[in-house]
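Taking it in order: structure first as C-alpha cells, then the write-up.
Values quoted throughout were computed directly from the atomic coordinates according to the rules given, and no laboratory measurement underlies them. None of the values given here were measured: they were computed from a predicted structure. Ideal geometry is used to build each Cβ from the backbone, glycine not excepted, and the neighbour counts take in all protein chains shown.
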Amino acid sequence: MHSYEPRHGHGLAHDPLNSIVAPRPIGWISTVSTAGVRNLAPYSFFNLYSYRPPIVGFTSTRWKDSAENARQTGEFVWNLATRPLAAPMNASSAEVPADVDEFALAGLDGVPSVLVAPPRVEGSPVSFECRVTQQINLNDVSGAATKGWLTLGEVVMVHISEDALVEGAYSTVATHPILRGGGPVDYFEITADARFGMKRP
C-alpha cells in the first residue's frame with residue numbers, strides 16, 4: 001500500500017485524490033455579475049445534496065467570480081455538461097478577468113431563465129435555476145479557514161430536454177453527460193454499456 005498523510009504530501013507525480021474520487025459530476029455554473037457581465041465556469045467539486053428541497057452545491061478551491069456573483073445576486077444556474085459540449089465547457093474554464101463574458105469566450109449562446117437572471121447554456125439538455133441558500137468557508141481539522149468555499153443553492157426551476165425523457169422517466173445515457181476524472185486531462189462519458197442494475201435490499 002502507498003500510504004501517506006496529505007499534510008505531508010503524497011510523494012507521487014500527481015495528487016491522486018481527485019483521481020480516486022472520480023468520475024465526478026461537473027458543476028457548469030452560470031452567473032451574472034451586478035454589472036451585468038455573464039460568467040460561466042465548470043466545477044468538478046459539485047453534487048446534489050438534498051431531494052426535498054432540491055439543493056445542489058459547488059466548491060471553489062479559492063474565491064472566484066462564480067462565488068462572488070452568487071453572493072452578490074443570490075442566484076446561479078447549473079447546466080449539464082455533455083459530450084457535444086465538452087470543448088466549449090473546457091474553453092469556459094479559462095482563467096480570465098471578471099469583466100470577460102465566458103459565454104462569448106466559449107462560443108456559446110445563452111437562453112433566458114424563468115425565475116433567475118443568469119442564463120442557461122443553449123444546447124445543454126438539462127439546467128437547474130438556483131437561489132443561493134448558504135455559502136460556507138471550509139475549515140480544516142483545526143478549525144482554521146481554508147481557501148475553499150462551498151456555495152449551496154435550492155433548485156427553483158428544472159429544464160429537461162424532451163429527448164431525455166423516455167416513457168416518462170429521465171434517461172441518464174440519452175444526454176451523453178461527461179464527468180471529470182483525475183489528473184490534468186481525464187474526462188469520462190456515461191454510456192449504456194457501462195450500466196448495470198441492482199435493487200436495494
Working only within region 115-166, note down all residues that are within 15 Å of the chain's Cα centre (by Cα) and among the hydroxyl-bearing types (Ser, Thr, Tyr).
Ser124, Ser127, Thr151
How many of the residues in region 148-170 are in contact with a strand residue (DSSP E or B) (Cβ under 9 Å, 6 or more places away or on another chain), assigned to a strand (DSSP E or B) and over 19 Å from Thr31 (Cβ atoms)?
2
Filter region 1-43 for residues that are out of contact with any helix residue (DSSP H, G or I) (no Cβ under 7 Å at 6 or more places or on another chain) and of a type in the set (S, T, N, Q); the one that is farthest from Ala86 (Cα to Cα) is Ser3
Of all residues in region 11-69 being of a type in the set (Gly, Ala, Ser) and free of Cβ contacts under 8 Å to residues at least 40 places away in the same chain, the one that is nearest to Pro118 (Cα to Cα)
Gly36
Of the residues in region 68-96, how many are outside any helix (DSSP H, G or I), under 18 Å from Val126 (Cα atoms) and hydrophobic (A, V, I, L, M, F, W, C)?
5
Within region 80-114, restricting to residues that are among the polar types (S, T, N, Q) and farther than 21 Å from Thr34 by Cβ, the one that is surrounded by the most Cβ atoms within 10 Å (Cβ to Cβ) is Thr82
Output the residues belonging to region 15-54 that are among the aromatic types (Phe, Trp, Tyr) and not in a loop (DSSP other than H, G, I, E, B).
Trp28, Tyr43, Phe46, Tyr49
Going through region 127-179 one residue at a time, which ones are of a type in the set (Ser, Thr, Tyr), crowded, with 18+ Cβ neighbours inside 10 Å and in contact with a helix residue (DSSP H, G or I) (Cβ under 9 Å, 6 or more places away or on another chain)?
Thr151, Thr175
Count, please, the residues in region 171-201 that happen to be touching a residue at least 24 places away in the same chain (Cβ under 8 Å) and of a type in the set (Phe, Trp, Tyr).
2
Considering only residues that are within 21 Å of Val141 (Cα to Cα) and polar (S, T, N, Q), which ones fall in region 5-35?
Asn18
